[in-house]
1. Let me spell out the model: positive unit charges on the Cβ of Lys and Arg, negative unit charges on the Cβ of Asp and Glu, origin at the Cα centre of the range 129-246. What dipole size does that give, in debye rounded to 20?
2. Which of Leu92, Leu216, Leu72 moves the most in a Gaussian network model of the chain with Cα springs under 10 Å?
3. Which whole-Hz couplings ³J(HN,Hα) result when phi for each residue of the range 60-73 is put into the Karplus expression 6.51 cos²θ - 1.76 cosθ + 1.60, θ = phi - 60°, listed in order with x for Gly and Pro?
4. Want the number for Thr47 to Gln71: 0.36 nm per residue separation, take away the alpha-carbon distance, what's left?
5. Take the Cβ-Cβ distance between Asp64 and Asp142 as r, set R0 to 25 Å, and report the resulting FRET efficiency rounded to the nearest 0.05.
6. Using 0.36 nm times the number of residues separating Lys213 and Phe179, minus their current alpha carbon distance, what extension gain do you get?
7. Dipole size in debye (nearest 20) for the chain around its Cα centre, Lys and Arg Cβ +1, Asp and Glu Cβ -1?
8. Output the relative contact order of the chain, whole-number percent, from Cα pairs under 8 angstrom with separation of 6+ residues.
Amino acid sequence: MENNEPVRIAMWSGPRNISTAMMRAWGNRPDTFVCDEPFYACYLKATGRGHPGAAEVIARGEIDSRKVIAQLTGPIPDRKHIFYQKQMTQHLLPEIDRGWLGAVTNCFLIRDPAEVILSYIKKNNDPTLEDIGFVQQAEIFDLVRADIGAIPPVVDAGDVLGNPEKILRLLCEAIGVEFTDAMLAWPPGLRETDGIWAKHWYGEVAASTSFRKPSLREPLPVPERLRTVHERAREVYGRLYHHRLH
């Protein structure tokens, strides 16, 4: 059923997921405005993490979380019907107010922790549990579930890559918007709506024109030094995976 009211979608994901490809899918809809990791500057300013281009992100981004929240819950830019917000779970630091979550439709994009870790260590060799966002994702999921009294939509990256149309149709149905084939393919290149960090992180997605098919290769094992991180992340992932749309 199509919803005629404005729709604000906060899609909560950890890093090294298909979150940017998902943003491409939504950004290719003519009725949708997208924003890219709106709390990133707040996160970098507060934590001092040495991410590529961090100083530029802080200088050019919004570091006041209250102003970010006002943008996310205010009028949708460009007079669009849907406001798609690509959100990183680890960016929602404990000191940031959670009250605004009730003003948006919260959805959750999950990915197998082994795949996340193996991708992450290409950029940072020693990630902590906090870095990969699973525990924060569970915290947000539990808050939203308690607030709405229902299971919020969860989609798994593997399911999306395996059958994009099926999963995106289920997601659209769950949040009350009409599916469109425009979500299945998009022009290559970067976008004005990409964060200024795109030049550091988005090389692969900039070359993409659709969701890539899942790899058939056997995954490599997670390094032994990260076994505890992997096990804890798997516990959280398994709980959310149980609720995925499929």
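The values are calculated or read from the model by the stated rules, or taken from the named source; none is laboratory data. Not measured: the values here are computed from a predicted model. Backbone-built Cβ (ideal geometry, glycine too); neighbour counts: all protein chains shown. Please note that ligands, DNA and RNA were not included when accessible areas were found on the heavy atoms of the full protein model with its side chains. Shrake-Rupley method; radii C 1.70, N 1.55, O 1.52, S 1.80 Å.
1. Details: 14 positive and 18 negative charges, 70 e Å.
Dipole about the Cα centre, nearest 20: 340 debye.
2. Leu216
3. Taking θ as phi minus 60°, the curve returns 9, x, 9, 9, 9, 4, 5, 6, 4, 4, 4, 5, 5, 9 Hz for the range 60-73.
4. This chain segment gains 6.4 nm when fully extended.
5. Values: r = 26 Å, r/R0 = 1.06.
Given R0 = 25 Å and the Cβ-Cβ separation, E is 0.40.
6. Numbers: separation 34, 0.36 × 34 = 12.24 nm, distance 2.06 nm.
Fully extending the segment from Lys213 to Phe179 adds 10.2 nm.
7. Working: 30 positive and 32 negative charges, 83 e Å.
My answer is approximately 400 debye.
8. Numbers: 376 pairs, mean separation 70.4, N = 246.
Answer for the chain is 29 percent.
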